[in-house]
Amino acid sequence: MGELPPVAVGVSAVENMKAVESHHTNMVQHVLPSNYTSKEALLYSYKKSFNGFVARLTEEEAERISEMEDVVSVFENTIHHPQTTRSWDFLSFPEQVSRSNGESNTIVGVIDTGIWPDKIIGAKYFRVSGSFEQSDIISPRDSDGHGSHCASTAAGNVVGSASLFGLASGTARGGVPSARIAAYKVCWSNGCDGADILAAFDEAIADGVHIITISIGPTQVEYRHYYDDIYAIGSFHAMKNGILTSKSADNLGPRLYTMSNYAPWFLSVAASNTDRRFLTTLQLGNGRVYEGVSINTFNPPNTAYPLIYGGDAPNTAGGFSSSTSRLCSSNSLNAALVSGRIVLCDNPSPDQSMLLSNGVAGVVLRTNVANDWARIFALPATSLSLANGTQVLNYIRSTSNATGTILRSTAARNSLAPNVVSFSSRGPNPITPDLLKPDIAAPGVEILAAYSPIRLITGVTGDNRIANYSILSGTSMATPHVAAIAAYIKSFHPTWSPAAIKSAILTTATPMSSTLNPEAEFAYGAGQLNPTRAPNPGLIYNLSVSDYVRFLCGQGYDNTRLRRLTGDNSSCNQAQNEAAWNLNLPSFVLHRNNNQNFNRTYQRSVTNVGRGTSTYRATVMGASSPTLSVQVTPNVMSFSSVGETRSFTLTISGTTTSSIVSASLVWDDGTHQIYIVYMGELPLVAASVSAAESMEAVESHHTNMIQRVLPSYKKSFNGFVARLTEEEAERISEMEDVVSVFENTVQYPQTTRSWDFLGFPEHAIRSSGESNTIVGVIDTGIWPETDSFSAQGFAPPPSQWKGSCQNIACNNKIIGAKYFRVTGSFAQNDIRSPRDATGHGSHCASIAAGNVVGSKSLLGLGSGTVRGGVPSARIAVYKVCWLIGCDTADILAAFDEAIADGVHIISLSVAFNQVVHHQYYNDIFAIGSFHAMRRGILTSKAAGNLGSGLYTMPTLAPWLLSVAASNTDRRFVTALQLGNGMVYQGISINSFIPHRFYSLIYGGDAPNTAGGFSSSTSRLCSSNSLNAALVRGRIVLCDNQSPDQSMLLRYGVAGVVLRTNSAKDYARIFALPATSLNEANGTQVLSYIRSTSNPIGVILRSTEAKNSLAPNVVSFSSRGPNRITPDILKPDIAAPGVEILAANSLYTSITGVTGDNRIANYSILSGTSMAAPHVSAIAAYIKSFHPTWSPGAIKSAILTTATPMSSTTNPEAEFAYGAGQLNPTGALNPGLIYNLSASDYVSFLCGQGYDDRMLRLITRDYSSCTHTQNEDSWNLNLPSFVLFRNNIQNFYRVYRRSVTNVGRATSTYRVRVIGASSPTLNVQVTPNVMSFSSVGETRSFTLTIAGTTSSSIVSASLIWDDGTHQVRSPIVVYNL
């Protein structure tokens, strides 16, 4: 009947409800026969929040009621059913997320099967029919478990060590654990009556809940208009009272049009999976193993069971044949034949009660249904694909003694998550085709949450297992996730309307992939729920009750029906009848009704809820069709205050035959970036405070500083990450404890003959401590199945190791694996685990500490033994790099974890992709490695790939080792042979074997003129520039080092020759046959093409050649000098980084180019990324022999034993190669070391202008700076002497150094100065002889540099020589 009538002045609410019920009684009595009373027929009155009643009526009586003046609609009561916590972590919504004080005053109303009581403040039950089953509990107590599960997912407390009989063990928690719960039980043993559901809505609204979650729906698809849909009716009145309803989308998928409830004022929630899935293995007697899905908590026996096919065991006495018994349906099996056996059944839902009563040992299901979610069974079970199930059947038929074992389930990584699962109902919306449904997707697969301890976990007769927590799947499980975030938003924004909250959730959703869900938005709506972004959407698309009224007018409501629903004088006019698509929702849908051409304009308004002053720009992205045109007017909107509203129009036009075409409109103000707040060293911990308590206190302090906190660095140093505007970041920077605030930025990976070239043989002397040495690799992750990371022969990890593995199976080689994604934003092909998607991290890890693996190559190239520098060492990986790069916030988080875990060396092959010089307190690499150094951990870092210009190194801190990339004596060359007999040697890594000559063409002669390209662009072979018909089947000559390889493959090009003047000192892998020629040779090739009507050529497979000039630093390697501290040498050292063969990932092709499907366990890469792990390995090698040596001592040993390099091939001299080429065998026994402690670096920081306050915030002690320390940066006890003369020809400086004897106890060292590149460079050392009488003894000396020069670089070397050790240090005077 719609809205309740207005309450007259002087009439109480109770009196008004009595009057409403009396009116209902009179209406019913009016249509009943004279021998019936309304008391018998009237079952329930809706009188608290909306107007209506439930009555027992004949069809004729119902018809007469529907014709009465006050009645909106009359519809039959129907039965509905429930739709059945790793999930919050997967959504990047951590337990310690920022929370509002208002959360504890927020009430979530759960309309479901009841609750197993906990922190509930309301509990009611509804049974309008008065009919109960024997097993029903006639109270709000939950006898099913479904309601308890949903309530705890939304607002359950944080409970540690929860599991289902040991599966999914961890912390179970709701999204708003401080919120209150009100339970409304409407579901009973035989389902959930529509009348009871409406009664629950009525009560919940009147009680004052803030959010309603309802995980109930029909068991078959039914389309009802909004006035006939109980969910639409109940949620409409909730919306009118400021309450948002979150409703499950139903479990009737995966077909289109399988949702039953479409009202725009509630949130429809689809079910997506998470990165965790449960697998159950079937192991056969023939040794074959098949992975299936189920949630199997049974431990397998020590012996295998016999296997039998259900089709071979029919209950013939009961009249069943093989065709029915194969399904294992009720009574179909012969009990005597199947007892004590595992039965193979062709049915996803066999009769489990029968299987138990027949004594079956287990069941294997062979089906063609989607195995994208797992169920609990009453006996050991696993569900296999049809193909694998058929293999099992073949095995059963092949032997007289078929046996098998169903193993206990294990949690595995689902790298494709999130995607919407098969059971989740899909749109479109058949009631209003131009409104999008579902609205959003959220985790609904294999969710661990609370359960009813009186309900059997399967409900199967004979299965007596009960549990306090269970694992369920369904849109039922997805819905409370969204309800929780709605409540979370409400706790921060209590005045926001339901539509505002809904808009915030939808506009901040994480995009999902139509590759995995071809139904696209009709599977996942706006995308995956993003809890951390939703409270701060920037703009909202708001809606009022009157907006929905106008929408209902557009749905054909007349004034009478509308007014009975609204209870006011609303009316509809003709113009409003076309406004359905103009409902102010954050989506734009056009149902084109078989028309190929389309054009429509939408009106929308947005309200500013972000910064007071802001400007948003419109971007349309991700269009799935080039014929889709989207115009936004205006495309820029400026706001001057919070709450201000602006309007825009969006016009969609185009033509298409595709069934679905989609894109995204994004309004971007460019201000809500991610900032890192760096606060220095952790505060001192009192003796009585545990480490966990200390970390909790630190994070609490961070939370108090700012409410939008993301991860907190609390284990090894002090700081946090937050989404801030520029103004908020500035305010944080002014707080007392803050050292610096800087924006989160994206870094990039810097991408084994090498060890032999370094004179470090496979059988070099090794320490027994090497196997207890742990190398931490911060990179793109690891591919653990590669032979380089096998754990064969490894003992358990060292006892002091504190690390762990996230979502990946580690072993005794890989003893730690974690991943970090502060933003929670993932690309479609990202693997959400430490598993390596690109191969870069695996490559670096295997260079440093990979096993010795023989006979490896890249598709036959570079064949030989692959090994790491410390093959017995352990590896801990910290994945910070994703397909879009490596966020600085993630890198700092990885440092924090690695330090706390107990690694000994950190290897870091990540850097900026442009030259940026940050002060040390603003440089995440400097910050992370400083705290590592404080804890005795040396960091080896790639110098960067931004060379060959000077000042191209971005990271310059003296406490880390900066590694340049040099070449080895092996290089790969690739020949081009022309039809005229000429052969030109180029470079590439070309694994393709040629079969014939191909026609040659110059890219400049094949422009795509239809696409608007000319010869001047097509010669570069850039994207879409070539005419596909002209280049297909030909070798193309391109004037570009980096042509569009994907285009070349797509066009069927046979090969590519690159003509460039770029350096040819390293080779790359290409996606098609390729070679890179110098400009002169490339011009000869062009002349040949122009000289004949039939130019032909062939690109030969690459061969190995000798590089007699090695080692020298290659062109891409970044150079010094040091822009931040000019008197400190950078880089520190050079190491092999060119064409290195090492481990790879099988996830992507060896080039990553679309169309190239070649994968390999080992690949050949070049970069300072490859150089850094060589040095990391030798640092670990030294550490294994000298476990007490400081990072400064290890660094000194590496630098003073380096092999000198030549300024002839590298004119930048020490600013290219630092101390020289890495010398692994010499580094172990340096004789003397230049040691450094944390206090030495403190003195250095004083010289960099730090005041006492900032210094103490970093050190967390009482360090202070004196005036004299402000000038001593060149006296940092490093094994190098650098003088920046700043345009002054005359120079003079005295340096102080100390060296510690680590060689022979009794020794005498004499000084030599050699290799001076200028006769005017005068170097004096005092004393020039030093004698030692014991190991560990320290001596000091001064070195004076004086002279005059106009040369830009003058250098020499200082050597301390005892006849055995030559301890060499570079001396550099420069003006660059």
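The values are calculated or read from the model by the stated rules, or taken from the named source; none is laboratory data. Because the structure is predicted, anything quoted here is derived from the model rather than measured. Cβ atoms come from the backbone with ideal geometry, glycine included; neighbour counts cover every protein chain shown. Remember, those area values only see protein heavy atoms, side chains included, never the ligands or the DNA or RNA. Shrake-Rupley method; radii C 1.70, N 1.55, O 1.52, S 1.80 Å.
The Ser1023 and Ser1334 beta-carbon pair, evaluated with R₀ = 56 Å, returns a calculated FRET efficiency of approximately 0.25.
Under 12 Å from the Cβ of Ile652, count the other residues' Cβ atoms, weight Lys and Arg +1, Asp and Glu -1, and hand me the total. Could the numbers behind the result be given before it?
Values: positive: Arg592, Arg600; negative: Asp434.
Neighbourhood net charge equals +1.
Per-residue extension of 0.36 nm, minus the Cα-Cα distance of Ser322 and Ser129, leaves a gain of 65.1 nm for this segment. All other residues whose Cβ lies under 15 angstrom from that of Asp1005 are scored, Lys and Arg at +1 and Asp and Glu at -1, for a net of +4.
Given R0 = 51 Å, the distance between the Cβ atoms of Thr410 and Ser1015 translates into a calculated FRET efficiency of 0.25. The Ser353 and His225 beta-carbon pair, evaluated with R₀ = 51 Å, returns a calculated FRET efficiency of approximately 0.80. Modelled this way, with points 7 Å down the Cα-to-C-beta line, the labels at Val983 and Arg1253 are 7.2 nm from one another.
What are the chymotrypsin sites (Phe, Trp or Tyr not before Pro) within the range 121-218 that DSSP puts in a loop, where the Cβ has at most 14 other Cβ atoms within 10 Å?
Answer by residue number: Phe132.
Pairs from the list Lys856/Lys1106; Lys247/Lys818; Lys437/Lys879; Lys185/Lys818 with a Cα-Cα gap above 32 Å: Lys247/Lys818; Lys437/Lys879; Lys185/Lys818. Each principal axis of the Cα cloud of the range 149-251 was taken in turn, and the coordinate range along them, longest first, works out to 46, 31, 21 Å.
Placing pseudo-labels 7 Å out from each Cα toward the beta carbon at Ser638 and Gln96 gives an inter-label distance of 4.2 nm. Rounded to the nearest angstrom and listed largest first, the equivalent-ellipsoid semi-axes of the range 463-535 from its Cα gyration tensor are 26, 21, 9.
Two numbers describe the Cα atoms of the chain: Rg and Dmax, which are 36.2, 127 Å. Entry comment: accessible area of the chain is 37 Å² per residue, from protein heavy atoms only and a probe of 1.4 Å.
What is the antiparallel percent of DSSP beta bridges lying wholly in the chain, to the nearest 5?
Rounded to the nearest five, the antiparallel share is 65 percent.
In this Cβ point-charge picture (+1 for Lys and Arg, -1 for Asp and Glu), the range 370-480 has a dipole of about 300 debye about its Cα centre. Computed over the range 1095-1148, the P(r) tail beyond 15 angstrom holds 71 percent of alpha carbon pairs.
For Arg1050 and Ile1314, the difference between the fully extended length at 0.36 nm per residue and the C-alpha to C-alpha distance is 89.2 nm. With all protein chains in place and a 1.4 Å probe, the accessible surface of the range 350-473 carries 50 percent carbon and sulfur. Atom-type composition of the exposed protein surface of the range 165-268 places 45 percent of the accessible area on carbon and sulfur (1.4 angstrom probe).
Per 0.36 nm of contour for each residue apart, how much would the distance between Ala975 and Ser1091 grow if the chain were fully extended, relative to their Cα-Cα spacing?
39.7 nm
Restricting the calculation to Cα atoms, the range 402-535 yields a radius of gyration followed by a Dmax of 18.3, 67 Å. Per residue, the Cα convex hull of the range 976-1131 amounts to 145 Å³.
Across the range 842-981, Cα-Cα distances exceeding 27 Å account for 34% of all pairs. In whole percent, how big is the carbon plus sulfur part of the accessible area of the range 1200-1358, probe 1.4 Å, protein atoms only? Accessible surface attributable to carbon and sulfur in the range 1200-1358 totals 49 percent. Entry note, the range 281-430: relative contact order of 30 percent, from Cα contacts under 8 Å with a spacing of 6+ residues.
Packing, taken as the mean count of other beta carbons within 10 Å per residue, orders the peptides 1025-1034, 778-787, 1068-1077 from highest to lowest as 778-787, 1068-1077, 1025-1034. Each label point was placed 7 Å from the Cα along the Cα-to-Cβ direction; for Arg465 and Leu516 their separation is 2.7 nm. Peptide packing for 611-620, 596-605 was compared via the average number of neighbouring C-beta atoms within 10 Å per residue; ordered from the highest value, the list is 611-620, 596-605.
As a test of the formula, what do you get for the chain when each DSSP H run with n ≥ 4 contributes -39,500 (n - 2.57) and the sum is divided by the residue count, at 222 nm and rounded to the nearest 500 deg cm²/dmol?
Estimated from H runs of four or more residues: -6000 deg cm²/dmol.
Across all directions, the average projected area of the convex hull around the alpha carbons of the range 857-931 is 7.4 nm². Projecting the Cα atoms of Leu337, Ala1213, Pro798 onto the dipole axis of the chain, where Lys and Arg carry +1 and Asp and Glu carry -1 at the beta carbon, places Ala1213 farthest toward the positive end. Only residues of the range 1322-1356 count here: report those whose backbone N is under 12 Å from the spot 7 Å along Cα→Cβ of Tyr1292, or say none. Counting backbone N atoms under 12 Å from the label point, the list is 1345-1348.
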